[in-house]
Amino acid sequence: MSAATADAGGAGASSSKNEGGGQRADAAAWLAVAAGTIGSLMALLDVSIVNSSLPTIQGEIGASGSEGTWISTAYLVAEIVMIALAGWFTRLLGLRRFLLIVTVLFIGFSIVCGTSTSLAQMVIGRVGQGFTGGAMIPTAMTIVSTRLPPAQRPVGVALFGITAVLGPVIGPLLGGYLTENVSWHYAFFINLPVSLLLLALLILGLEPQEGDPSLLAGADWFGIAGLMLGLGCLTVVLEEGQRERWWESSMIVDLSWLSAIGFVLLAIGQFTARTPVVYLKILRGRSFGMVFLISLVVGAALYGLLYLIPQYLSLIAGYNALQSGYVVALSGIPPLAMMALFPFLVRTVDIRILISLGLLFFAVSCFMNAGLTPDTVGQDFVWPQIMRGFGQFFSMLFLNQAATNSVPVEYAADASGLFNGARNLGGSLGLAMVSTLQDRRDSLHMDRLGSAITANSLRGQEYLQGLASNFGNGDTVTGMNKAFAAFGQELTRQASVMTFADLFWLFGIVLICAIPLVLFLTPIDKDAPAGAVG
């Protein structure tokens, strides 16, 4: 066991005995858990908080629509790299010192973003935010695994799981509200008071721990370079692939090769380094390997749907960012309402049943949205969103619990990095799938609708003549030209609705197909301490 992990575990051991003989965490441990929860929530919020503000930000910093996508992509690329590296940095610096450093830097990079006047400044700030914020996500689970005794660990897992559910959901709503009512700058400045609170909790809740500077001398440089190249380039390929027309773009081809080289370097590091930057061998464990795969699927559905729903409401129903945010936020209600039941359910119900139930609810919510029509509006999303909230509660929170119980405590940091990285990587895969299929299915449905309506179609002629008489005001030529334009717009709208329905259906099928993977998870022994090998 590394020095940092041992110290963290030792800190977690400083808990009192309750009357029944079990350990109970002291106040400092709960302050540490609170710090991890707040840091994780803040980092996850920043993934999506700018989505609602992007058009406004692009206009003020002089960026085009395609350039503006880098404001989101830069954060995601840096975040996923740091999520994987966080375990190594924790061992190198010690958990407390590492988190204090990244929190201070996060404040600085948030100021850089909030004061940006150019795209270059904004992208630099977002890279810094992603790199420092990414450290807060897996370390939150590390704190839970090392600072709480087994009996209370489910409470910490529930708190962390709620941040994973609510962060991406609340982000667009909060960003839209601040943009509409205050200023887009405060989507970044809001991090300042939260980060100051986080610093205070870290100082009070975490004891100083010795790092292991000797890791630098024998560092897994192959692995570090491989992670940065492999995950960083792969994320850019997935985020930008469709916009760049995939293999038609030399940039996408080059980045794909670099990503492949990165993963080869990572594999080399596993066999040559004395202490690999991340212990990939834990993926060979049946239980954790399945947790990783299911997390990929859940991440794809979570982030894919968080993109689809606001886009539909904007393009088809005419909602603004704030109105769409309210609809999206509905899925956060069930997890909040159910959070108190989490420890009870962990102790009494087979975790495989709970995760299967979550995937099923998640899939059913997608099928409920697969019957979209051009008249579907926000209120038609209420029950699917509530169902989706239950799905996210059962699938994501209990998947977190399965991850913490699938590996020994000494691998907690690596497991947390891989688990959270899988969710983010799955999100990139989901968004890539959406952008690619959306373009292709739109074209397919337009061709089908166009081939069904010919010049000899009586209903088509009657429809056009009716439009022409409304638009022309007696001028037949002008009226017919406007009628053709309106008819084309309606065809495009109908094709888009059909595409959205196809994508909801596809996500539902993918989630259903993931349910059999749950059978390979190891059930939690209710009498064994959490963190045992699964």
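Here are some notes:
- Charge sum, other residues only, whose C-beta stays under 13 Å from Leu54's C-beta, Lys/Arg counted +1 and Asp/Glu -1: -1
- Placing R0 at 45 angstrom, the Cβ-Cβ distance between Leu437 and Glu410 gives a FRET efficiency of 0.60 after rounding to 0.05.
- Stokes-Einstein D (µm²/s) once Rh is taken as the Kirkwood radius of the range 220-276 over alpha-carbon pairs, at 20 °C in 1.002 mPa s: 187
- Under DSSP loop assignment and at most 12 Cβ neighbours within 10 Å, longest trypsin sites (Lys or Arg not before Pro)-free interval of the chain: 275-525
- Close amide H contacts of Gly285 (hydrogens built in the peptide plane, cut-off under 5 Å, sequence separation of 5 or more or a different chain): none are found.
- Nearest-ten-degree value, helix 412-452 long axis tilted from longest Cα axis of the chain: 10
- Overall dimensions of the range 248-354 by Cα: Rg and Dmax, Å: 20.8, 57
- Extension gain, Leu315 back to Ile333 (0.36 nm per residue minus Cα-Cα distance, nm): 3.9 nm
- Rounded to the nearest 500, the 222 nm mean residue ellipticity of the chain from helices alone is -25000 deg cm²/dmol, with -39,500 (n - 2.57) taken per DSSP H run of at least 4 residues.
- Dipole magnitude (debye, nearest 20) for the chain, charges at Cβ of Lys, Arg, Asp, Glu: 880
- Taking Cα atoms only, the orientation of helix 95-114 departs from the longest principal axis of the chain by about 30 degrees.
- Folded to 0 to 90 degrees: helix 221-240 orientation relative to the chain principal axis, Cα: 20
- Per the Debye formula on identical point scatterers at the alpha carbon atoms of the range 71-192, with no solvent, log10 I(q)/I(0) at q = 0.09, 0.13 Å⁻¹ is -0.28, -0.58.
- Quotient of C-alpha Rg and 2.2 N^0.38 Å, computed over the range 150-275: 1.51
Read-outs throughout are calculated quantities, based only on the coordinates presented, and are distinct from any laboratory measurement. What you see is a predicted model, and the numbers here were worked out from it, not measured in a lab. All Cβ positions, glycine included, derive from the backbone under ideal geometry; neighbour counts span all protein chains shown.
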